[in-house]
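Note sheet for the following structure.
The values are calculated or read from the model by the stated rules, or taken from the named source; none is laboratory data. Just so it is clear, the model here is predicted, and its values are computed rather than measured. Glycine also receives a Cβ, built like all others from the backbone with ideal geometry; neighbour counts cover every protein chain displayed. Quick note on the areas: whole protein, heavy atoms, side chains included, nothing else; ligands and nucleic acids left out. Shrake-Rupley method; radii C 1.70, N 1.55, O 1.52, S 1.80 Å.
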Amino acid sequence: MYKTLLTAIITVWFACSAYAQQKFTISGYIKDASNGETLIGANIFIKELASGVSSNEYGFYSISIPEGSYQLEYSYLGYQTVVRDVALTENITINVEFDPEDIQIEEIVIAAEAKDRNVSDLEMSANTMDIQTIQKMPTLLGEVEVLRSIQLLPGVSSVGEGASGFNVRGGSIDQNLVLLDEAPVYNSSHLFGFFSVFNPDAVKDIKLLKGGIPARYGGRLSSILDVRMKEGNNKKFAMNGGIGAIFSRLSIEAPIVKDKSSFIVAGRRSYIDILAKPFLNEELEDSALNFYDLTIKTNYKFSEKDRIYLSGYVGRDNFGFGDQAGFNWGNRTLTFRWNHLFSDRLFSNLTLYTSDYDYRINFGDEADNKFDWDASIINYSAKPEFSLFLSPTNLVRFGGQFIAYRFEPGNAIGVSEGEVLDISVDNKYALEGGLFFENEIDFNPNFSINYGLRWSYFNFTGKGLAYTFDDAPPGTRRPLVESTFFDQWESIKQHNNFEPRLSVKAQLNPSQSIKASYNRMAQYIHLISNTTASTPVDIWQPSTNNLRPQIADQLALGYFQNFQNNSYEFSTEVYYKKYTNLLDYIDGADILLNELLEGDLLDGIGRSYGVEFMLEKKEGPLTGWLSYTLARSERKIEGINNGEWYPSRFDQTHNLSITGFYELNDRWTFSSNFVLVSGTPTTFPTNRFLQQGFVIPHNAFESRNNVRIPVYHRLDISATLQGKKNKERRWQSEWVFSIYNVYSKRNPFSIFFRQKENRRTEAVRLSVIGNFIPSVSYNFKF
């Protein structure tokens, strides 16, 4: 495989060299003149050729065209357009810095991109949201929320308030690859899902890919959420912050060497525990109830060909009740990136990162009577990528990735009356690798294609025991046959997969297009959970000699149209996704601290399918979008639900959201969103037994997810008051007034049964939020 890829790369390189003898290259970087931030997706259009390119994730662009005179138009929504006349007789570099328009465009858009990109771009099943749009949405307790915002897009949902993560096109939350400056984040939520780990003051760009996923991405089945951090203002000192009801945030950015190096530091902390401290008794006065995160990034430009970036994140949630008990969890990431230009047309990026997620639980404050439990997943990765700009209509990407994993399912030690009991589960180790090649070609202005291939490899290794289980009747625990010890990094089981990718666009006319895509994805690590919503103590497991990698094949077809000079955008997509080797658990499975967990897990097939609609108004004082998804997500696993199809925990048939913004004047902005979602499936008993006065529920038909909880709906509103504008003052501020759950809907999170007097039972509906929640926050920038 390596030999084949190397041969392909050499062939493309020689083709590029021959091509270069006939053409010259214009290349450079696109930046914001006010702060030096590179701009992703800026448009470079050549009028004489009626074609162009966009800047990449690092603001770089490259165009190879024949010798001649051209007019280049550089544009980016919200900025003044730059026009350059060029007499091209040799390779040249043109770096462009955009000045913000004196009169900002009075509109809210999902992304700062070309106005017709909905129709003209090759990508489908993709959404990009800029932080300015997210900041104008209604908030919970005054905090700008990234993950809650993307749930207003078609195909994206959550199982309810207090649920960590998000679900995409019927997939589980572990099937989403969440990246922060290319490092994976394994738990993307604070406070059990109410807030995300992303500080809005440090976020530059957010992109969600639900389908048509290019070959350069891999490792998850359902989606890629790519969050890019700001690089830091390399022009002047800047400060942003906010003060809310339960937490505050502050970010500082400034140049280290003007126009060459900069940094940004952004932090947040909640202070519920501080506010509650005067009301706690002596035993609980040292209690902790907070979360915090710190984001840091710096960069340095060594030359026109070399720039490095170093970024890091640390965040933690703390729940402690004096010295008696404690529970905390958090993420840590560190990313190093090196951009290098081998030539005007060959751009490379090398990424090195480490990511660590862990949780800790403790009970008891006496040395002779206590319990301590911690678990984690740690990985290290190297990822070289190359972009070859053959022409304005031909882009080649290739590269690879290597990842080393250490899984710590549970280090648990209990002490009772001085007697120590170690019930820890052994660590697991694995190596993952991949190679990819993709080619994006515009055959003409109306037809484009992106094809690619990814080869992925996974090696489950020692140090540790590998277990072999015997067969058992479907739906029952498999008995252990033997265990075998393997030395450190000794191979236990290897898996590999070829993952083809294809995207096609056919433009019918300037305002209409049809797009189609296919992608196969392989996932080698699994989140094991038997709760309705993911919790911080769920367990990550590698593919082993007993657990096979999950595979998903997805087909999607879409129709895209713009109206009234691109003021309105409409899109509809249908998709079908087929899964193999999906994991589920037997009834009564022992999930936590179980060395033989693999014997309690089953695998089978799955399917999800649906249709998504989105209508967006992009211009004028009233803007916003309407999103609707009609979908199903089902599984079929031998030993569950009598071997018949059953709805997954993430199956939500209807999902409607309406988001609106209204610019009353240059100081007042109003926004609202409404969501209406089908209830999620759950399992109820079908009958009961009475034993010594106690009611024992029983599922006579052994059905799984046989009922649905009631429908979920909620309305939020917000008003933003900008401070008086004064061009002589750098200090800018705003007040944000929000009401979450305006009409106090008690949306059910789950339903459970309990026994009452006279041997009667009752169903109890648990609502995480049952009333409206008003909030006021103050934001500032300097």
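Suppose we keep only residues that are open to solvent by 90 Å² or more (accessible area, probe 1.4 Å) and part of a strand (DSSP E or B) within region 730-744. Which one would you say is modelled with the highest pLDDT?
Result: TRP735.
Could you say which residue among ILE551, ILE449 is over 17 Å from LEU583 (Cβ atoms) and either open to solvent by 30 Å² or more (accessible area, probe 1.4 Å) or β-branched (Val, Ile, Thr) (or both)?
ILE449
Test of understanding: among ALA522, ALA589, ALA556, which residue is closer than 30 Å to GLU616 by Cβ and either open to solvent by less than 50 Å² (accessible area, probe 1.4 Å) or not assigned by TED's automatic domain parsing to the domain that holds ASN379 (or both)?
Going through ALA522, ALA589, ALA556 in turn, just one is closer than 30 Å to GLU616 by Cβ and either open to solvent by less than 50 Å² (accessible area, probe 1.4 Å) or not assigned by TED's automatic domain parsing to the domain that holds ASN379 (or both): ALA556.
Can you tell me which of TYR609, TYR568 is more than 30 Å from PRO409 (Cα to Cα) and at pLDDT below 95?
TYR568
Look through LEU602, LEU583 and report the one residue that is among the aliphatic types (A, V, I, L, M), without any contact (Cβ under 8 Å) to a residue 60 or more places away in the chain and either open to solvent by 20 Å² or more (accessible area, probe 1.4 Å) or part of a loop (DSSP other than H, G, I, E, B) (or both).
Sole residue among the options that is among the aliphatic types (A, V, I, L, M), without any contact (Cβ under 8 Å) to a residue 60 or more places away in the chain and either open to solvent by 20 Å² or more (accessible area, probe 1.4 Å) or part of a loop (DSSP other than H, G, I, E, B) (or both): LEU583.
If we scan region 215-223, do we find a residue that is under 22 Å from the mean Cα position of the chain (by Cα) and either in the same structural domain as THR38 (by TED's automatic domain parsing) or among the hydrophobic types (A, V, I, L, M, F, W, C) (or both)?
Yes, because at least one residue in region 215-223 is under 22 Å from the mean Cα position of the chain (by Cα) and either in the same structural domain as THR38 (by TED's automatic domain parsing) or among the hydrophobic types (A, V, I, L, M, F, W, C) (or both).
Out of curiosity, is GLY639 small (Gly, Ala, Ser), over 24 Å from ARG478 (Cα atoms) and surrounded by fewer than 22 Cβ atoms within 10 Å (Cβ to Cβ)?
no
Identify all residues within region 655-688 that are part of a strand (DSSP E or B) and either free of Cβ contacts under 8 Å to residues at least 40 places away in the same chain or among the β-branched types (Val, Ile, Thr) (or both); write none if there are none.
Step one: of region 655-688, the residues part of a strand (DSSP E or B) are 655-663, 668-677, 681-682, 687-688.
Residues satisfying the conditions are LEU656, ILE658, THR659, GLY660, THR669, VAL675, LEU676, VAL677, PRO681, THR682, ASN687.
Report, by residue number, each residue of region 248-272 that is farther than 15 Å from TYR313 by Cβ and open to solvent by 20 Å² or more (accessible area, probe 1.4 Å).
Listed by number, the residues that qualify are SER248, LEU250, ILE252, PRO255, ILE256, VAL257, LYS258, ASP259, LYS260, TYR271, ILE272.
Answer yes or no as to whether VAL185 is within 13 Å of the chain's Cα centre (by Cα), open to solvent by less than 10 Å² (accessible area, probe 1.4 Å) and assigned by TED's automatic domain parsing to the domain that holds THR720.
No, not satisfied.
Open to solvent by 20 Å² or more (accessible area, probe 1.4 Å), under 20 Å from the mean Cα position of the chain (by Cα) and outside the structural domain of SER51 (by TED's automatic domain parsing): is that true of THR535 in this structure?
yes
If ALA245 satisfies every condition in (1) assigned to a loop (DSSP other than H, G, I, E, B); (2) surrounded by fewer than 22 Cβ atoms within 10 Å (Cβ to Cβ); (3) modelled with pLDDT of 90 or more but one, which is the exception?
With respect to (1) assigned to a loop (DSSP other than H, G, I, E, B); (2) surrounded by fewer than 22 Cβ atoms within 10 Å (Cβ to Cβ); (3) modelled with pLDDT of 90 or more, ALA245 is out only on (3).
Do we have GLU408 as buried (at least 20 other Cβ atoms within 10 Å of the Cβ) and either in a strand (DSSP E or B) or touching a residue at least 24 places away in the same chain (Cβ under 8 Å) (or both) here?
Judged against the criteria, GLU408 is not a match.
Can you work out which of the residues in region 422-439 that are outside any loop (DSSP other than H, G, I, E, B) and at pLDDT below 95 is least open to solvent (accessible area, probe 1.4 Å)?
Applying the filter and picking the extreme gives VAL425.
Are any residues in region 480-511 closer than 30 Å to PHE447 by Cβ and exposed (fewer than 15 other Cβ atoms within 10 Å of the Cβ), and if so, which ones?
Of everything in region 480-511, those that are closer than 30 Å to PHE447 by Cβ and exposed (fewer than 15 other Cβ atoms within 10 Å of the Cβ) turn out to be PHE498, PRO500, ALA506, LEU508, ASN509, PRO510.
Among the residues of region 102-132, write down those that are modelled with pLDDT of 50 or more, of a type in the set (Val, Ile, Thr) and either within 21 Å of ALA33 (Cα to Cα) or part of a strand (DSSP E or B) (or both).
THR128, ILE131
Scan region 745-768 for residues that are in a strand (DSSP E or B), surrounded by 16 or more Cβ atoms within 10 Å (Cβ to Cβ) and in contact with a Pro (Cβ under 7 Å, 6 or more places away or on another chain) and jot them down.
none
Hey, could you check region 193-241 for residues that are among the small types (Gly, Ala, Ser) and modelled with pLDDT under 90 and say which is surrounded by the fewest Cβ atoms within 10 Å (Cβ to Cβ)?
Start the filter on region 193-241 by keeping residues that are among the small types (Gly, Ala, Ser), which leaves 193, 196, 202, 211-212, 215, 218-219, 222-223, 232, 238, 241.
Checking which are modelled with pLDDT under 90 leaves us with 193, 196.
Values: GLY193: 26, SER196: 28.
Looking at the filtered set, the residue picked out is GLY193.
Could you give me the residue pairs with C-beta distances under 7 Å whose first residue belongs to region 621-637 and is closer than 30 Å to TYR585 by Cα, whose second residue is among the basic types (Lys, Arg) and open to solvent by 70 Å² or more (accessible area, probe 1.4 Å) wherever it lies, and which are 6+ apart or on separate chains?
none
Kindly indicate whether any position in region 48-60 is of a type in the set (D, E, K, R) and at pLDDT below 85.
Looking for residues that are of a type in the set (D, E, K, R) and at pLDDT below 85, one finds at least one in region 48-60, hence yes.
Would you mind finding the one in VAL481, VAL504 that is in the same structural domain as ASN459 (by TED's automatic domain parsing) and within 28 Å of GLY639 (Cβ to Cβ)?
Details: VAL504 fails: within 28 Å of GLY639 (Cβ to Cβ).
Among VAL481, VAL504, only VAL481 is in the same structural domain as ASN459 (by TED's automatic domain parsing) and within 28 Å of GLY639 (Cβ to Cβ).
Taking the condition of being open to solvent by 50 Å² or more (accessible area, probe 1.4 Å), farther than 30 Å from ASN779 by Cβ and touching a Ser or Thr at 6+ places or on another chain (Cβ under 8 Å), how many residues in region 701-729 meet it?
Number satisfying all stated conditions: 4.
Looking only at region 137-153, which residues are in a helix (DSSP H, G or I) and either in contact with a Leu (Cβ under 6 Å, 6 or more places away or on another chain) or at positive phi (or both)?
Result: ILE150, single match.
Against the conditions (1) modelled with pLDDT of 90 or more; (2) surrounded by fewer than 17 Cβ atoms within 10 Å (Cβ to Cβ); (3) of a type in the set (A, V, I, L, M, F, W, C), where does PHE670 fall short? Just the number, please.
Against the list (1) modelled with pLDDT of 90 or more; (2) surrounded by fewer than 17 Cβ atoms within 10 Å (Cβ to Cβ); (3) of a type in the set (A, V, I, L, M, F, W, C), PHE670 comes up short only on (2).
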